[in-house]
1. Considering every Cα-Cα pair within segment 23-68, what fraction, in whole percent, is farther apart than 14 Å?
2. Of V19, I84, H66, whose Cα points farthest to the positive end of the dipole of the chain (charges on the beta-carbon: +1 Lys, Arg; -1 Asp, Glu; origin at the Cα centre)?
3. Suppose every Lys and Arg Cβ carries +1 and every Asp and Glu Cβ carries -1, with no other charges. What dipole size does the chain come out with about its Cα centre, to the nearest 20 debye?
4. In the chain, carbon and sulfur make up what percent of the accessible area (probe 1.4 Å)?
5. When the helices in the chain are scored as -39500 (n - 2.57) per DSSP H run of 4 or longer and the sum is shared across all residues, what 222 nm value do you end up with, to the nearest 500 deg cm²/dmol?
6. Work out Dmax and Rg for the chain from the C-alpha atoms and quote the Rg first, both in angstrom.
7. Under the definition of Cα pairs under 8 Å and six or more residues apart, what whole-number percent is the relative contact order of segment 24-93?
Amino acid sequence: GGIEMILKAMNNHMHNGEVQVKGCGAIGNLASCNGDNKKKISLLGGIEMILKAMDNHLQNAEVQEHGCRTLWNLAADADNNKKISSLGGIEMI
């Protein structure tokens, strides 16, 4: 599916800031107002991928902005909220 393809592209191009910006944005859009997608993104490692992108691109404001927005969308799910916190997401922000 689409979520898997986006996460694969982000993983394959981890050092390309533009891919990370677009990937974070796309994942954020898919998570917005869709509980099933929020859960699927988490199960497929999406939270870890977003945090990794943010960590690898600390000086890229667009990656940080889209990553924060995506984490915000994902954190609307209680389980994701706990996972984001346990993976250091609060410190990342």
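The values are calculated or read from the model by the stated rules, or taken from the named source; none is laboratory data. These numbers come from a predicted model, not from an experiment. As a convention, Cβ positions derive from the backbone with ideal geometry for all residues, glycine included, and neighbour counts pool all protein chains shown. For the accessible areas, the whole protein counts, side chains as well, though only heavy atoms, and no ligand, DNA or RNA atoms are used. Shrake-Rupley method; radii C 1.70, N 1.55, O 1.52, S 1.80 Å.
1. Numbers: 463 of 1035 pairs.
Of all Cα-Cα pairs in segment 23-68, 45 percent lie more than 14 Å apart.
2. Working it through, the farthest residue towards the positive pole turns out to be I84.
3. The calculation lands at about 200 debye.
4. After summing per-atom areas, the C and S share lands at 55 percent.
5. -23500 deg cm²/dmol
6. Looking at the chain, its Cα Rg and Dmax stand at 11.5, 32 Å.
7. Reported as a whole number, the value is 39 percent.
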